[in-house]
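Colleague: Let me begin by handing over the structure; questions about it come next.
The values are calculated or read from the model by the stated rules, or taken from the named source; none is laboratory data. Because the structure is a prediction, the values reported are computed rather than measured. Note: ideal-geometry Cβ built from the backbone for every residue, glycine included; neighbour counts use all protein chains shown.
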Amino acid sequence: MMLDYRGQIADASGARIFLVEHSIIHTPIPDCFLNGIAHQTVIELDKRRGIETVKLAILPEELSSFSECFPTRSAAEIPCPRSAPIASRPRRYQRGRMSSIRRVRTFSVPWP
């Protein structure tokens, strides 16, 4: 993961990042980096499914509060990473419900 100039989580290498806490998806506010098409599409598809996505500032020390993590990028699927190597102690993630439904269904839903 990469930080912006304020020290907040910005994105992953070439991808936008989503984090899950209590079945709510969190993603950094795209105010100083690209708000990509794949990122916008995932948010729109989740909205259609009734899944809440919150855009907010996320600090590295908050990574331990999230249960799942998945990036988006236009040229690839939505993988589920095993860890987030930005914190002093890397956070390990398991594939959960939110990241699993995206691997299977995100690109099978008609694009807006």
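Colleague: Pairs please, first residue from the stretch 55-68 and within 14 Å of F18 (Cβ to Cβ) and at pLDDT below 90, second anywhere and of a type in the set (S, T, Y) and surrounded by 12 or more Cβ atoms within 10 Å (Cβ to Cβ), Cβ atoms under 8 Å, 6+ apart in sequence or on different chains.
Modeller: F66/Y93; S67/Y93; E68/Y93; E68/S99
Colleague: Could you list, in sequence order, all residues of the stretch 23-33 that are touching a residue at least 12 places away in the same chain (Cβ under 8 Å) and in a loop (DSSP other than H, G, I, E, B)?
Modeller: Applying the first criterion (touching a residue at least 12 places away in the same chain (Cβ under 8 Å)) to the stretch 23-33 yields 23-30, 32-33.
S23, P28, I29, P30, C32, F33, listed by residue number.
Colleague: Next question, about the same structure. Taking A15 and the conditions (1) buried (at least 19 other Cβ atoms within 10 Å of the Cβ); (2) at pLDDT below 60; (3) in contact with a Lys or Arg (Cβ under 8 Å, 6 or more places away or on another chain); (4) not aromatic (F, W, Y), which numbered condition does it fall short on, given that it satisfies the others?
Modeller: Condition not satisfied by A15: (2).
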